[in-house]
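Here the structure comes first, spelled out in structure tokens, and everything after it is commentary.
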Amino acid sequence: MINLSSIDIIEYLDTVGIQYTMHGKNVSQNWIGIQCPFCDDKSNHLGINIKSKAFSCFKCGTKGNIIKLVQELEHINWIQALNNLQQFSKTVIQFNEKITAVSNSFPKMNKLGKVHKEYLSNRGLDPDFMEKKYALKSGANFTKYQTRLIIPFFEKKRMISFTSRDVSNSIEPKYLHPSRDEVILVPKDLIFNIDSVKNSCIVTEGCFDVFKIGDGAVALSGTKYTQRQVSLLSNIERVFILFDPEPMAQKQAGRLCKELSFLTHSEVILLDIDRDPGDMTASEVKELRKELGL
Ligand SMILES: [Zn+2]
């Protein structure tokens, strides 16, 4: 079941080509106005609340939730409307207000700078969207993470750990993880993006594979796995393992799959294309997600 408030209503309206307005005489703040499909409205009397996604027509008085509205707009049934909306459901993970003892020991972090955003762009990602969705930061000066892109790891919406990526492509190691002195759980104890999983997940090697695939994709920080990672994955109904195509990675994928097969449904998947998951195009990602029912 999707959380209606997580639906990106603007993306939905843009995709289906419905005209809307966020300003104007019939539209209040935090509402989007469209032409009401329930009456002979000509000028955006139907308001959709950006947060709750409830709608209400100020002309004919029809009210309801977004599913009812989509049914009417697209002349489809409730199930079809729900399915259509599913792909516009976005979970934006936020830092928890209650910062735990674990995270008190984190190094100082800053907002993303120009170099970090350029790096993300060059890897085919939308920097502003990524920054918000994954709470990306940059390492502060005078820490060992300075100039690096900091990628937080969340579990149950709490930031538990992080990794950092060099964005200049000139400093080794590419990924610098915190040590056990700095954090209680290191990235290898955690599964990146686990909070985004519903029933199925795609297990990848790294955060950038996840960034490409989106919600439901997770990463192990390498091809090796720990028992804590196996135990976290065993709680998921269907686990699809998508590692890079090279033989060593595939061997590890097979091993993980076998171990998980005693605990849950697990499958190794391979892309038709001979490329790493992180190099997939947007349409390849879309097709994969569809195929796996993500
Ligand atoms: Zn109306």
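Here Cys39 meets each of (1) in a loop (DSSP other than H, G, I, E, B); (2) within 18 Å of Gly17 (Cα to Cα) with one exception, condition (2).
For the residues Val210, Val218, the requirement of being outside any helix (DSSP H, G or I) and within 16 Å of Leu190 (Cα to Cα) singles out Val218. Only a single criterion out of (1) modelled with pLDDT under 90; (2) within 16 Å of the ligand (Cβ to nearest atom); (3) closer than 30 Å to Asp195 by Cβ is not satisfied by Ser89, namely (2). Does Asp8 satisfy the criteria of being surrounded by 15 or more Cβ atoms within 10 Å (Cβ to Cβ), charged (D, E, K, R) and more than 30 Å from Gly293 (Cα to Cα)? In short, no.
Got a number for residues in segment 70-82 being in a helix (DSSP H, G or I) and more than 11 Å from the ligand (Cβ to nearest atom)? So the answer is 9. If you filter segment 11-31 down to residues that are surrounded by 15 or more Cβ atoms within 10 Å (Cβ to Cβ) and assigned to a helix (DSSP H, G or I), you find that the one that is farthest from the ligand (Cβ to nearest atom) is Tyr12.
Go through segment 128-153 and give me each residue that's outside any strand (DSSP E or B) and free of Cβ contacts under 8 Å to residues at least 12 places away in the same chain. Answer for segment 128-153, where residues must be outside any strand (DSSP E or B) and free of Cβ contacts under 8 Å to residues at least 12 places away in the same chain: Asp128, Phe129, Asn141, Phe142.
Of all residues in segment 221-241, which are over 20 Å from Leu125 (Cα atoms) and assigned to a loop (DSSP other than H, G, I, E, B)?
Gly222, Thr223, Lys224, Tyr225, Thr226, Ser234, Asn235, Ile236, Glu237, listed by residue number.
Looking across Ile2, Ile34, one residue alone is away from the ligand (no atom under 16 Å from the Cβ) and either at pLDDT 90 or above or crowded, with 16+ Cβ neighbours inside 10 Å (or both). It is Ile2.
Screening the candidates Ile269, Ile236, Ile213, Ile273 for the property of being surrounded by 15 or more Cβ atoms within 10 Å (Cβ to Cβ) and either without any contact (Cβ under 8 Å) to a residue 40 or more places away in the chain or small (Gly, Ala, Ser) (or both) yields one hit, Ile236. Out of Cys57, Cys39, one residue alone is surrounded by fewer than 17 Cβ atoms within 10 Å (Cβ to Cβ), without any contact (Cβ under 8 Å) to a residue 40 or more places away in the chain, farther than 27 Å from Ser196 by Cβ and near the ligand (Cβ under 10 Å from one of its atoms). It is Cys39. Checking Thr264, Thr223, Thr204 one by one, the residue that is polar (S, T, N, Q) and touching a residue at least 40 places away in the same chain (Cβ under 8 Å) is Thr204 and no other.
The values are calculated or read from the model by the stated rules, or taken from the named source; none is laboratory data. Predicted, not measured: the structure shown is a model, and the values here were computed from it. Note that we place each Cβ from the backbone using ideal geometry, even for glycine, and neighbour counts take in every protein chain shown.
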